[in-house]
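Throughout, read-outs are computed from the coordinates displayed, never taken from laboratory work. Predicted, not measured: the structure shown is a model, and the values here were computed from it. Reconstructed Cβ throughout: ideal geometry from the backbone, glycine too, with neighbour counts over all protein chains shown.
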Amino acid sequence: MQIYSIETGVLKCDGGAMFGVVPKFMWSKKYPSDENNLCDCALRSMLIVDGGRRILIDNGVGEKLTESQACHHNYIADTNLRGSLNKLGYTFEDITDVVYTHLHFDHCGGGTQYKEGTNELELAFPNATHWVSKAQWENYLNPNVREKDSFYPENMMPVFESGKLKFVEEEGELFPNIEVRIFNGHTTGLMAVLVRNKKKTIAFTSDFIPTMANVNVKWVAAYDLFPTIVLDEKQAFLKEAVEKNYILFFQHDIDVECCSLQLTDRGVKPKDNFELKSLF
Ligand SMILES: [Zn+2]
């Protein structure tokens, strides 16, 4: 099995939204921001190549954002999914499976694209089976008013209509050595992905733990729909993660791709941080 980190651009997100009730004098020591209080957030996907499977976890904002949407979301396309995959020698056609952690626009926007020179949507990964949790899908179809702004119909409805969307109803192994876990604090039915390779377990935690600073149990993002559920979920997951030596992979941390964990007298904290490629 080979596991690659895939960069797909940067979003600038408000620091207050990233760290919720944590005051700026505290979070600013752990995460950089600019004069407008905006934090650069990576949009990192993961590619897993195992035998005949080429599995992509999430696919960034994609290429469909209008100029005003890109501006509204402070999106910087300094890298993109296509370029990052091509660099590794893969094309969109090579992808056999796309696993969506959840369907907020910055995680699933790359699943569809406009046919060249038209306004007609097509699947970006024509040969892939797409996977999302059943609970997240039901939430996508019936969002509350706040979450609705993050769910774009053009990102997922063509995937559903193609018949290539499959629903994950419970936690467990989705592929050999690739397990999904379901969390409900950030949004209902977020799937984190645990990848086991060479006696290491990498946890793709998605927006459940978006940056290394968010490893602190109480540093809960204001983006999270159900903050007290996040607290409970993080406490339980970090306990397991430190006991079992999981390595966390951060989708949104601009500087840190991965970290190991340690148990201290003030709870579970990051230990070392490193790039994914240094592990294998
Ligand atoms: Zn999200």
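Table: residues versus (1) within 16 Å of the ligand (Cβ to nearest atom); (2) surrounded by fewer than 17 Cβ atoms within 10 Å (Cβ to Cβ); (3) part of a loop (DSSP other than H, G, I, E, B); (4) under 18 Å from the mean Cα position of the chain (by Cα).
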site: Q136; (1), (2), (3), (4): yes, no, no, yes
site: M157; (1), (2), (3), (4): no, yes, no, no
site: F160; (1), (2), (3), (4): no, yes, no, no
site: K166; (1), (2), (3), (4): no, yes, no, no
site: E170; (1), (2), (3), (4): no, yes, yes, no
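Of the residues that sit in the range 196-217 and are under 14 Å from the mean Cα position of the chain (by Cα) and of a type in the set (A, V, I, L, M), which one is surrounded by the most Cβ atoms within 10 Å (Cβ to Cβ)? Step by step, filter the range 196-217, then rank; the result is I209. Consider the range 179-195 and keep the residues that are out of contact with any strand residue (DSSP E or B) (no Cβ under 9 Å at 6 or more places or on another chain) and surrounded by 22 or more Cβ atoms within 10 Å (Cβ to Cβ). The one that is nearest to L141 (Cα to Cα) is T187.
Among the helices (runs of 4 or more DSSP H) contained in the range 45-116, which hold 1 or more residues that are of a type in the set (F, W, Y) and within 12 Å of the chain's Cα centre (by Cα)?
105-108
Mind listing whichever residues of the range 183-203 are within 12 Å of the ligand (Cβ to nearest atom), touching a Leu at 6+ places or on another chain (Cβ under 6 Å) and without any contact (Cβ under 8 Å) to a residue 60 or more places away in the chain? F183 - this is the single residue of the range 183-203 that is within 12 Å of the ligand (Cβ to nearest atom), touching a Leu at 6+ places or on another chain (Cβ under 6 Å) and without any contact (Cβ under 8 Å) to a residue 60 or more places away in the chain.
When every residue of the range 34-56 is checked against the conditions, none turns out to be among the aliphatic types (A, V, I, L, M), touching a residue at least 60 places away in the same chain (Cβ under 8 Å) and loosely packed, with under 14 Cβ neighbours inside 10 Å. Across the range 138-149, the number of residues qualifying as buried (at least 17 other Cβ atoms within 10 Å of the Cβ) and outside any helix (DSSP H, G or I) comes to 1. What are the residues in the range 75-120 that are within 16 Å of the ligand (Cβ to nearest atom) and of a type in the set (D, E, K, R), if any? Within the range 75-120, D106 is the sole residue that qualifies. Taken as a whole, the structure leaves G185 outside the set of residues that are more than 19 Å from the chain's Cα centre (by Cα) and of a type outside the set (S, T, Y). Of all residue pairs spaced 6 or more apart or on separate chains, those with beta-carbon atoms under 9 Å, a first member in the range 83-109 that is within 12 Å of R54 (Cβ to Cβ) and of a type in the set (V, I, T) and a second member that is in a helix (DSSP H, G or I) and within 11 Å of the ligand (Cβ to nearest atom) are V98/C108. Only one entry in D253, D232 is acidic (D, E) and within 16 Å of the ligand (Cβ to nearest atom), namely D253. The test for being among the aliphatic types (A, V, I, L, M) and more than 30 Å from T129 (Cα to Cα) does not hold for I182. Tallying residues that are part of a loop (DSSP other than H, G, I, E, B) and charged (D, E, K, R) within the range 225-258 yields 3. Scanning the range 204-212 for residues that are away from the ligand (no atom under 16 Å from the Cβ), in contact with a strand residue (DSSP E or B) (Cβ under 7 Å, 6 or more places away or on another chain), touching a residue at least 24 places away in the same chain (Cβ under 8 Å) and not in a helix (DSSP H, G or I) turns up nothing. Just one of the numbered conditions (1) over 19 Å from the mean Cα position of the chain (by Cα); (2) more than 16 Å from the ligand (Cβ to nearest atom) is not true of R146: (2).
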